[in-house]
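A quick write-up on the structure given underneath.
The values are calculated or read from the model by the stated rules, or taken from the named source; none is laboratory data. Source: prediction; values computed, not measured. Neighbour counts run over all protein chains shown; Cβ positions are idealised from the backbone, glycine included.
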Amino acid sequence: MSAELILTRKENRIGFITLNRPAEMNTFTPDFAKQLDDALWAMECDDEVMVVVINAAGKNFCTGISLDQFNNKSHSEYRKFLYGIDAFYHTLAKMTKITIAAVHGYTLANGAGLAFGADMTIATESTTFGTTAINVGLICLGPAAPMSKVIGRKKLIEMVLTGDMFSATDALNLGLVNKVVADDELEAAALKLAGKLVKKSPIALRIGKEGLNRLVEDSYDQKLNVMDDLFAAICAGEEAEEGVAAFIEKRKPTWAKD
């Protein structure tokens, strides 16, 4: 993989991972997903890094999986594809390093999942979130996994099944983000939070994160795999093909009648 779809650097015990497909709104492809997962594991294994900040180049953080990936795959092929695309969810949950997502612009579908899957999230005032896949005949079951650890069932169902977008303030009120800052203060706010954390005891941070994770649940990986299995079944269907095609062709989808 020659293209640097994910950029990384280190500074003062802080690791930075930057999504780098700005012209494509940092959408997920298999190569992008693999480079992201590799970068997360590299930071996890680097003894010089205590905190990892995940940010993005361009006007938007990430708008999900690139829709050109949803075509001509069997159920089993979609299952394998989604396990690769969603590997970062498992990795974030397993990491002992603290992760901070610094998000801006459109943060949708798997982009929202990446933002909410991090340990902490800072968003700009103009950030727009949404689990929007249902609007093209798909479904945001991957993002639902980290969201389910934060918000109640009724709100989760509403958000995933309507696909409505919501503001950074709404996300803050739901507990999906930690802080909302002015658009020009995102980098400084992320650095301030990361700088505060790197001054703490590394062992205390690691053990503290492990303990807090165990308070929530121990079967996260299994639940994520079930979500991808269900999503694969949708992807292989005719309505998903129609929904994606309609979006690309800028028309309203025609759903099959039960």
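The figures follow:
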{"quantity": "Residues satisfying the stated conditions in region 49-67, i.e. in contact (Cβ under 8 Å) with a residue 60 or more places away in the chain, surrounded by fewer than 22 Cβ atoms within 10 Å (Cβ to Cβ) and within 26 Å of residue 137 (Cβ to Cβ)", "calculated": "67"}
{"quantity": "Candidates 93, 102 - the one that is farther than 30 Å from residue 254 by Cβ, outside any helix (DSSP H, G or I) and not β-branched (Val, Ile, Thr)", "calculated": "102"}
{"quantity": "Test: residue 60 is modelled with pLDDT under 95, more than 17 Å from residue 120 (Cα to Cα) and of a type in the set (S, T, N, Q)", "calculated": "no"}
{"quantity": "Selection from region 134-173 of residues that are among the aliphatic types (A, V, I, L, M) and in contact with a strand residue (DSSP E or B) (Cβ under 8 Å, 6 or more places away or on another chain)", "calculated": "159, 165, 168, 171, 172"}
{"quantity": "2 or more residues free of Cβ contacts under 8 Å to residues at least 12 places away in the same chain and not β-branched (Val, Ile, Thr): qualifying helices (runs of 4 or more DSSP H) within region 179-258", "calculated": "186-198, 202-216"}
{"quantity": "Scan of region 139-159 for residues that are surrounded by 24 or more Cβ atoms within 10 Å (Cβ to Cβ) and either assigned to a strand (DSSP E or B) or more than 14 Å from the chain's Cα centre (by Cα) (or both), ordered by number", "calculated": "159"}
{"quantity": "Tally of residues being surrounded by fewer than 20 Cβ atoms within 10 Å (Cβ to Cβ) and either closer than 16 Å to residue 55 by Cβ or within 14 Å of the chain's Cα centre (by Cα) (or both) across region 21-33", "calculated": "2"}
